[in-house]
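Visitor: First the structure, then my questions, so here it is.
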Amino acid sequence: MGLRERERPPTLEDVARRAGVSRQTISRVINGKGEVAAATRERVLAAVLELGYQPNSLARSLATRKSPVLGLVVPDITQPFYPQIARAVEDAAFAAGYSVFLCDTAGSPDRERWALERLGGQRVGGVIICNSRLDDATLAAAVRAFPVVLVNRELPDLDGTVIWSGYELGGEMATAHLLGLGRRRIAYLGLNYPNHIDELKGQGYAQALVEVGLEPLPELHRRVGNTFQGGYEAMALLAAEEVTVDAIFAFNDVMAIGAMRWALSHGQRVPEDVAVVGFGGSEVAAMVTPALSTIAVPLYFIGLTAVQEILNLIEGKGRARRRVEVQPELIVRGSSVTEGQPAALAGAPA
């Protein structure tokens, strides 16, 4: 291969050879058109990134009069749930010749409304909104300006796509896992502000208890901040009020880790004295000691799917109203099961 050939920009054919697929498949992934298997899409995106292939988004935007920019709105990028989604959105958008305008609202409805107004002023091609904090009327008014994909938020009569994780099922799975291990005093650490997802997880928690003849007790349902400190303080409050618990199910992984840290720092053994399960499947869950059992959702897949859906809407290929269901998965680790304990106990309650 000569110097001039080596220095030429990578082409669509180069990407196709690297990924082991046809040019048509590469084109479908890049343009967000047609059905492509998730594994194939990830292989194509990996090839695009390895080779540094860059579609001519400027030429496309001039031809179509559509902005080559997508908006991504998240409530808190420091929470473990969002970086994997953001990375997938960036990867998929890059492969399609789009850039991403990230807006972190810090959980503030006012900042979210301002961000959406700003994105509308930038005339972005479409917007992906994760866990919106806006009320239905405000959100509906804000998203009329562009194609929209909502992650983990329902909106009546939305013209766009909703990507939804099975939160009620996840809450039931986490609680059933703990019940199956013989735990009966299971606390749920929820949120100290109104939140539909929190309600669904709490409903799943309560349903699992009822199924084995246990009554959900108000003293075991604690409402705290959705942070490490919130989980830590919840355990301190339970201890101060002399409320006995033998297991914790937390709204998210960082709250669960906070609860686990309090237990360990106050002489309790995890999981022997108190078993702990989080929610989210974040990378940090596998990095703590003991590693955190969690209800995982496929975060990277959610980000890829969000971009595929928004591109379909931009190109007029998607349905005006569409709902994509993503199923949770129980990952059992050392925070709930001791070494040598039968893995079968991760299933239905005893």
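The values are calculated or read from the model by the stated rules, or taken from the named source; none is laboratory data. Note that the structure is predicted; figures quoted are calculated from it, not measured. Ideal geometry is used to build each Cβ from the backbone, glycine not excepted, and the neighbour counts take in all protein chains shown. Keep in mind that these areas ignore ligands, DNA and RNA; they rest on the heavy atoms of the full protein, side chains included. Shrake-Rupley method; radii C 1.70, N 1.55, O 1.52, S 1.80 Å.
Visitor: Given the DSSP H assignment, sum -39500 (n - 2.57) over each helix run of at least 4 residues in the chain and divide by its residue total; what's the result at 222 nm in deg cm²/dmol, nearest 500?
Guide: That calculation yields -13500 deg cm²/dmol at 222 nm.
Visitor: Using only the Cα atoms of segment 235-294, build the gyration tensor, take square roots of its eigenvalues as a ≥ b ≥ c, and label the shape rounded, prolate or oblate: rounded if a/c is under 1.5, else prolate if a/b is larger than b/c, else oblate.
Guide: In terms of gyration-tensor shape, prolate.
Visitor: Compare the Cα positions of Val243, Phe101, Thr338 along the charge dipole of the chain (+1 at Cβ of Lys, Arg; -1 at Cβ of Asp, Glu; about the Cα centre) and return the one farthest towards the positive end.
Guide: Value: Phe101.
Visitor: Still on this model: Along each principal axis of its Cα atoms, how long is the chain end to end? Whole angstroms, biggest number first, please.
Guide: 71, 50, 33
Visitor: Restricting to the chain, compute how many DSSP beta bridges are antiparallel as a %, nearest 5.
Guide: Antiparallel: roughly 5 percent of the beta bridges in the chain.
Visitor: Further question: Please list Lys201, Lys317 from largest to smallest accessible area, probe radius 1.4 Å, with all protein chains kept in place.
Guide: From most exposed to least exposed: Lys317, Lys201.
Visitor: Of the accessible area of the chain, with the probe set at 1.4 angstrom, what percent is carbon plus sulfur?
Guide: 51
Visitor: Normalised by the number of residues in the chain, what is the relative contact order in percent for Cα pairs under 8 Å and 6+ residues apart?
Guide: 18
Visitor: What do you reckon, how do Glu199, Glu172, Glu13 stack up by accessible area (1.4 Å probe), largest on top?
Guide: These residues rank, largest area first, as Glu199, Glu13, Glu172.
Visitor: Hey, another quick one. Determine the percent antiparallel among the DSSP beta bridges restricted to segment 153-278, to the nearest 5. Before the final figure, lay out each step's value.
Guide: Numbers: 0 of 11 bridges.
If we restrict to bridges inside segment 153-278, about 0 percent are antiparallel.
Visitor: Let me ask something else about it. Once you've got the GNM for the chain with C-alpha springs shorter than 10 Å, pick whichever of Phe249, Phe279, Phe301 has the biggest mean-square fluctuation.
Guide: Phe301
Visitor: In addition: Identify which of Gly334, Gly278, Gly126 has the largest mean-square fluctuation in a Gaussian network model of the chain, with springs joining Cα atoms closer than 10 Å.
Guide: Fluctuation is largest for Gly334.
Visitor: Moving to a separate point now. Name the residue, out of Met260, Met173, Met287, whose mean-square fluctuation peaks in a Gaussian network model built on the chain with Cα pairs under 10 Å.
Guide: Per the Cα network of the chain with a 10 Å cutoff, Met287 tops the list.
Visitor: Next up: Identify, among Ala259, Thr305, Val274, the residue whose Cα sits farthest towards the positive end of the charge dipole of segment 252-323, taking +1 on the Cβ of Lys and Arg and -1 on the Cβ of Asp and Glu, with the dipole about the Cα centre.
Guide: It is Thr305, whose Cα lies furthest towards the positive end.
Visitor: Still on this structure, please answer the following. Compare Arg133, Arg184 by solvent-accessible area with a 1.4 Å probe and give them largest first, with all protein chains kept in place.
Guide: Descending order: Arg184, Arg133.
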